[in-house]
Each structure stands twice: as structure tokens, then as C-alpha cells.
Amino acid sequence: MNETVQSTLEAAPTKPIERVLGSYSSGRSGVLVVVLGGLHGNEPAGIHAARRVLATLEREQPEMRGALLALAGNTAALAQGQRFIDRDLNRMWSEDDVRIAREAGGDDCRERGEQRALLAEIEPRLAQSWSQVLFLDLHSTSAEGPPFCLVGDTLQNRRIALRLKLPVILGLEENVEGTLLGHYGEQGHVAIGVEGGRHDDPRTIDHHESVLWTVLVTAGLLVEADLPEYARHRARLETAGAGPPAVLELLHRHAVEPGDGFRMEPGFVNFQPVEHGELRAGADGGQRIEAPRAGVLLMPLYQGQGQDGFFLGRRVRPFWLHLSTLLRRLRLGTRLQPAAGRAPRGRPPRRARGRPPRRALPLARALPPVRLPQGASRGRARLLHAQGGAAEAMSPMCLMSPMNPRRLAAASLAAALTIACSSASDGLRVLVPTVERAPETATAGFDHSHARWTALLREHVRPDGIDYRGFGKDIPAFDRYLAELQAVDRPELEGWTREQRFAFWINVYNAHVVRLIVDHYPVASIKDLGGTVFGRIWDKKIVPLPDLDPEGKGANLSLGTIEHEILRPRFKDARVHAAINCASVSCPPLLPEAFVAERLDAQLDAVMHAFVADPTRNRLDREGHTIHLSKIFDWFASDFERDAESVRAYVTKYAPADPKWIAGAKVKYRDYSWKLNDAAEK
Ligand SMILES: [Zn+2]
């Protein structure tokens, strides 16, 4: 244990703390990093870390592109060593609260003055011309556990956060209203929160210090070569953050009201797995609080003040992060003009009162069946940033440069793509607006947004598979969707655009595969449903669309007919093989939203990109100079060769960064698992 650290930590509460801890710059333009410590008064570690970094900068005088500004948060509460005096300063950044603070007038609580003082330091600096502004908010927890990072899920937040090598938790701002990071994140700034460890653990200061150096380098303010200690800081974070999953999403917040008498049972730590129904806490009056679902426990409350009893999170797999990155990048075309938040052309952000904002939400969080507490989404709007679309491989500085014209063109070309919004009603997810109007020219009858199907998919498709049991609980809704499909007759279908028909048939196929499994659940494999030894499930006429029988005989359709007589030959697009799902482990995963005509091209691109990049299905082994491909590429080689000359060329087209080597690689095909792609029961 570092004794100097220990003594400053102990000394902290008794010393009055200045608002501006310090700043540093070499007078060069670049990125502004605003670091905050002690937004909660019992969490002074960030302040000590910022002071250490500032002292080093003053001593070493490295050249900085941009500027660092370090601020103390709740100075009054810091002096008392408690979380807050009257109100939690980190829950006062809703639009209304910030407006109140900006208006002249008496303070309604002690924290209002703190907030006003912070605004007075921050706002004038935001008006200067920075290539980017990054907020880093340093906190600590009352429970034991490794440090971690909390971000709203934008691509630019993610990219910086992932570089810290600490576990990254996505979705705090949807779960907690009125945080400072939420406020500045909404304005388009990078906003990273770090929980450095337990409040009184000296290592918490070390972690924060290493985080700050890493951010300064990653965001391009400093160069590694100027920092002899940098490798040590990187190693420190890597060690400290090892263990928990790399990325988690927040699923649940247990809200605590003042006077609840909430008491966490002793002994719980951050990242501890908990089971559904497991007793986690008690409250006054003998009330028992249970975890409403299985997950990873985060930030259990072991202190007197605070409105968050505990959070539950869940691991996000790399595949879904990748897919959501792709989808969000593709959507840039329609999001270059922010819908909310910072309006670049002097247009003030506007949001209709009383109407929930349209939100762009990450796929990762969209997938799971999650319910947020009522009102959790209120007052949140998000904008996708043009800069956020930069490719993963780009250096951090690229984040800050404007989109290059080619990328811009590509983004605009993806025009059919839509806006990722969700109804804010349940606070989560995702890719399509819940109510998406069909084009006016389309037949009025059919809902081309396939909204019912999207609603079901959002609820029951998970990163680890399909929750067939959950689908089984939604039979009435499922029936309504199937009835919509069934009501389509030939004249109606023939009046549709190609994209509307293509999307329709993909959804028909997927919905009937899922329904087939649901009706026979539990089953080990779809192949078990063929009936006799020689029966093949693909040939069973289970899809009641006799009017659309391609042979005109008025018979029900089989899945095989839809795939091999409609989807493949009529639409001639091999991406369909990543879009239809055969209920098996080796299939490309089911997209957690319906395919829709107006975004079909982007959706097909995204699922094929994700499929090719998914190492559990296609392994691109550069060192071994071999691509281990899914059997799908073998079975339907003719489709891929039609679209790209060769299977290799096709894979090259959809492979992640720098795939040129694939042209000369050996091709091997992997075994195909027909095991049911059932979401693991947790
Ligand atoms: Zn805090």
C-alpha cells in the first residue's frame, strides 16, 4: 500500500477543495478532456488522480494537442466526506435541471450552486473550437471489485472505453436519469465514466491515474513516447480489469427511494454472478428484494446515501458488438443531421414536450428481453455521430476528423437505411421504430414494417440464441403476425416492390421456422421434426400461403419451396443465406428485427458482414493462410459464385479489415451443427 496515497486520501475531506484542480495545455489545438473527480463527495480518488497527473504534466511539460481541464465535483459534499448534501449532484443533469441551474435565481438546494459553478467552468470552454470534447468522470464504489468503465453506447465512447482494457458496461445512461455524462453525451461529446474501485482503497487512485493517462494518449492529446511510465499504466489497468467479461450491458436497476431502508446483504462484490430470484437485499418492514433475473451484480449499495440499490448486467458477446457496430455505421446516412442533441448549424436541440424522444439505441442492448423501470427512458435522446462511424481499425485521431467524402457518400448511399429508433415507451432497443409507416404508394393493407414480428424478435432473440420458450409465451401476438402474412394474396403481393416482396419472404421463412420449433418445444434439433426416417422437415407443407404457391396449385408451401423456389431464384442475392435462419447452432443468427423493404439492402449487408466476421461460424486464419468457412458457402457455392465470381471473392468482399490475403488462401469447410440454437437457460 502506498503510504503517501493513503495519507492524502485521509486528509482529503478536511481540506477545502478548489473547483478547478488544474489545467494543462501547450497552446495547440486538438481535443479538450474534461476530467471530473468527486462528483460524489465520498469519492475523492478521482481528485487525487487528477492532481497527480497535473503535477507530472507540469514537471515534464510534454507537448499536448488540446487541453486537459480537471474539476472537482461536489466540493461541499467532498468537504463533509459524504455523497451529497441535499441532492445527488450526478442526478441533476436532466434538461430541466440544467435549465434551472442556468437561470438566475436562488438555489433550491446546496448542489444547485455546485452545478452552477461547474457549468460556469465547462460551458465557456465548450464554446471554443476543439476537434472533440471528452468528458471523463471518475467515481468509486462502496463495494469491493475490479475497476470498470461505464458508457452510453455510442461508437466513439466504445472505442475509447475499450482501449482502457477495463470491463466496459454499456447502458448506464438509459438506466439512470440525469447524470452529467448523459447530459454531455447527448450533446455529442465523448462521455466516459470510470468506477476505479472501492472508495477508500488507495489502488482506486492508481487506477484513475492510469485511466487518465490512457485517455490522454488514446484521444491523441499526448504521445506515448513522451510518457516513460505509460507501459506501466497500461499494464496496471490490464491486470486490474482482468476477470470480468470485456463488455457488459446493464439490464436492471434496483431503484431506492429515500426512506426505503434499503440494506444490501453483506458480502456482495461487483461482477458477482447472481441467480434469478436469489435474495440480494432487505428493506425496512421486512421486505425482501430479489434479483428479478439472472445476471452479474454491479454496484451493490453499501452506503447510506444513493438511489441505486444495485444493478444487474449481462455479458455482451463480441459478435453482437460487431453486428451492432456495422448496423450503426450503415445508418449514418440518415443520421448525419442529428435528430437531437447538438445541432451543428446553430439550430437549438428541440424536443417536443410530452412526447418521448426518438432514440437511437445500440443493438447490443436491444437484443435481450429487458424491461426497464417505468420512466427510465424519459428525457433521453441520442444522436449518432458522424465521427462515430469511423472504422474500428482507424487510429483514435480519426475519430475526430470529419468524415471523408467517400465515407460520406457511402453513408448517404445507404439511404434506404433508417433511423434507429425505438419507441421510448419501454426504454430500450433498437433498430427500427416500433411504428414504421409503409410507403404511401404501397397497398394500404399490409404493414411493411413487420412491426409485430420486430416486437417479437426484440423480445426473444438473444445474443446466445433464440428464446423459444419466451416466444411460446407470446403465442397470441405470434398468431396475429402469422395471420397478417397469411392475409396476403397474389394480386396484393404482385403490387409490391421487389424489396417489399424480398423482405416479406425472408420474414415468412424465419417466422415459420421459429413457430415450428415453438410448437414442438423442447426439441434437440429441427431435423428431428421431419416425422418418419425419410421425411425432411424442409419438405413439409407447413406454411399456409396457398395463394402464393409458386406452382400455382394452391398448396401450402414448404420451407424448402420458399428457400429454393422463391428466395434464391427470384431475388438472386446470396446475402439471403445470412438472413434466413434454420433454428440451428451453425446458422447465421436471427437478426433481432424484421427485414424491412426500406432498409433491406443495409440489413442484408450487415448480416452477411457479421456472419463472415463471426469466428464461431467462419474462421479467417491469416497465419495459417486458410479460411475455414461455414458449410453454407459450400452448399450454395453457385449463389456466391454468381454474386462474386468465387466463394473466396465473396468472402473477401464481406471480410473485416484488410482481407486481401484471402484471395490466395486455402478454403476449408467446417462441420455444421444442427443442434437447436436455443438461448441457454440461465
Ligand atoms: Zn459516484
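The values are calculated or read from the model by the stated rules, or taken from the named source; none is laboratory data. It should be emphasised that the depicted structure is a prediction, and the values quoted were computed from it without experimental measurement. Ideal geometry is used to build each Cβ from the backbone, glycine not excepted, and the neighbour counts take in all protein chains shown.
Summed over region 52-74, residues that are away from the ligand (no atom under 15 Å from the Cβ) and either touching a strand residue (DSSP E or B) at 6+ places or on another chain (Cβ under 6 Å) or of a type in the set (S, T, N, Q) (or both) total 11. Only one entry in LEU68, LEU9, LEU57 is crowded, with 17+ Cβ neighbours inside 10 Å, modelled with pLDDT of 95 or more and more than 33 Å from the chain's Cα centre (by Cα), namely LEU57.
Quick one: which of VAL543, VAL523, VAL514, VAL488 is out of contact with any strand residue (DSSP E or B) (no Cβ under 8 Å at 6 or more places or on another chain) and aliphatic (A, V, I, L, M)? Step through it out loud before you land on a result.
Values: VAL543 fails: out of contact with any strand residue (DSSP E or B) (no Cβ under 8 Å at 6 or more places or on another chain); VAL523 fails: out of contact with any strand residue (DSSP E or B) (no Cβ under 8 Å at 6 or more places or on another chain); VAL514 fails: out of contact with any strand residue (DSSP E or B) (no Cβ under 8 Å at 6 or more places or on another chain).
Just a single option satisfies the conditions, and that option is VAL488.
Let's see how each residue does on (1) under 25 Å from ARG51 (Cα atoms); (2) in a loop (DSSP other than H, G, I, E, B); (3) modelled with pLDDT of 90 or more:
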residue	(1), (2), (3)
ALA191	yes, no, yes
GLY196	yes, no, yes
LEU221	yes, yes, yes
ARG236	yes, no, yes
PHE268	no, yes, no
ILE289	no, no, no
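All conditions but one from (1) buried (at least 22 other Cβ atoms within 10 Å of the Cβ); (2) within 16 Å of the ligand (Cβ to nearest atom); (3) over 22 Å from the mean Cα position of the chain (by Cα) apply to ARG87; the one that does not is (1). Considered as a group, the residues in region 238-264 that are in a strand (DSSP E or B), of a type in the set (A, V, I, L, M, F, W, C) and touching a strand residue (DSSP E or B) at 6+ places or on another chain (Cβ under 6 Å) include one that is nearest to ARG293 (Cα to Cα), and that residue is LEU251. Among what's in region 556-565 and is in contact with a helix residue (DSSP H, G or I) (Cβ under 6 Å, 6 or more places away or on another chain) and surrounded by fewer than 19 Cβ atoms within 10 Å (Cβ to Cβ), pick the residue that is nearest to ILE526 (Cα to Cα). Across region 556-565, the extreme among qualifying residues is GLY560.
Remark: pairs (first residue in region 659-673, surrounded by fewer than 11 Cβ atoms within 10 Å (Cβ to Cβ); second residue not in a loop (DSSP other than H, G, I, E, B); Cβ separation under 8 Å; 6+ apart in sequence or on different chains) = LYS660/THR652; ASP671/LYS631.
Got a sec? Which helices (runs of 4 or more DSSP H) wholly within region 555-662 have at least 3 residues that are under 21 Å from GLU499 (Cα atoms)?
On the way: elements: 568-571, 600-613, 631-635, 637-644, 647-654.
In region 555-662, 568-571, 600-613, 637-644 are the helices (runs of 4 or more DSSP H) which contain 3 or more residues that are under 21 Å from GLU499 (Cα atoms).
Here LEU485 does not fit the description of being touching an Asp or Glu at 6+ places or on another chain (Cβ under 9 Å), of a type in the set (A, V, I, L, M) and touching a residue at least 12 places away in the same chain (Cβ under 8 Å). Residue pairs whose Cβ atoms lie under 6 Å apart, separated by 6 or more positions or on different chains, with the first residue in region 22-49 and over 15 Å from GLN128 (Cβ atoms) and within 12 Å of the ligand (Cβ to nearest atom) and the second assigned to a loop (DSSP other than H, G, I, E, B) and basic (Lys, Arg), are HIS40/ARG83; GLY41/ARG83; ASN42/ARG83. Would you please name the residue that is modelled with the lowest pLDDT, looking only at residues in region 591-601 that are buried (at least 22 other Cβ atoms within 10 Å of the Cβ) and within 24 Å of LEU629 (Cβ to Cβ)? Per the stated criteria, the residue is LEU591. Has region 527-537 got at least one residue that is assigned by TED's automatic domain parsing to the domain that holds ALA455, closer than 25 Å to ILE632 by Cα and in contact (Cβ under 8 Å) with a residue 40 or more places away in the chain? Taking every residue of region 527-537 in turn, at least one turns out to be assigned by TED's automatic domain parsing to the domain that holds ALA455, closer than 25 Å to ILE632 by Cα and in contact (Cβ under 8 Å) with a residue 40 or more places away in the chain.
When the residues of region 90-100 are narrowed to those that are within 16 Å of the ligand (Cβ to nearest atom) and outside any loop (DSSP other than H, G, I, E, B), which ends up nearest to HIS40 (Cα to Cα)? Full working, then the answer.
The first filter runs over region 90-100 and keeps only residues within 16 Å of the ligand (Cβ to nearest atom), leaving 90-93.
Keeping just the survivors that are outside any loop (DSSP other than H, G, I, E, B) gives 90-91.
Working: ASN90: 7, ARG91: 10 Å.
Here the answer is ASN90.
Collect the residues in region 515-554 that are within 22 Å of ARG480 (Cβ to Cβ), aliphatic (A, V, I, L, M) and assigned to a loop (DSSP other than H, G, I, E, B), keeping them in residue-number order. Break it down into steps so the answer makes sense when it comes.
First pass over region 515-554, keeping only residues within 22 Å of ARG480 (Cβ to Cβ): 515-521, 542-548.
Going one step further and asking which of them are aliphatic (A, V, I, L, M), we end up with 516-518, 542-543, 545, 548.
ILE542, LEU545 - these are the residues of region 515-554 that are within 22 Å of ARG480 (Cβ to Cβ), aliphatic (A, V, I, L, M) and assigned to a loop (DSSP other than H, G, I, E, B).
Applying a threshold of 7 Å to beta carbon distances and a minimum spacing of six or more residues, or different chains, the list of pairs starting in region 99-113 at a residue that is assigned by TED's automatic domain parsing to the domain that holds PRO124 and ending at one that is assigned to a helix (DSSP H, G or I) and of a type in the set (Gly, Ala, Ser) reads ASP107/GLY113; ARG110/ALA76; ARG112/ALA101.
If we keep just the residues of region 199-219 that are buried (at least 21 other Cβ atoms within 10 Å of the Cβ) and outside any helix (DSSP H, G or I), which is farthest from the ligand (Cβ to nearest atom)? That would be ALA219.
Restricting attention to region 98-145, the residues being buried (at least 20 other Cβ atoms within 10 Å of the Cβ) and out of contact with any strand residue (DSSP E or B) (no Cβ under 8 Å at 6 or more places or on another chain) number 4. Of the residues screened, LEU180 is not one that is crowded, with 24+ Cβ neighbours inside 10 Å, in contact (Cβ under 8 Å) with a residue 40 or more places away in the chain and away from the ligand (no atom under 15 Å from the Cβ).
Within region 101-151, if we keep just the residues that are within 16 Å of the ligand (Cβ to nearest atom), part of a strand (DSSP E or B) and aliphatic (A, V, I, L, M), the residue that is farthest from the chain's Cα centre (by Cα) turns out to be LEU138.
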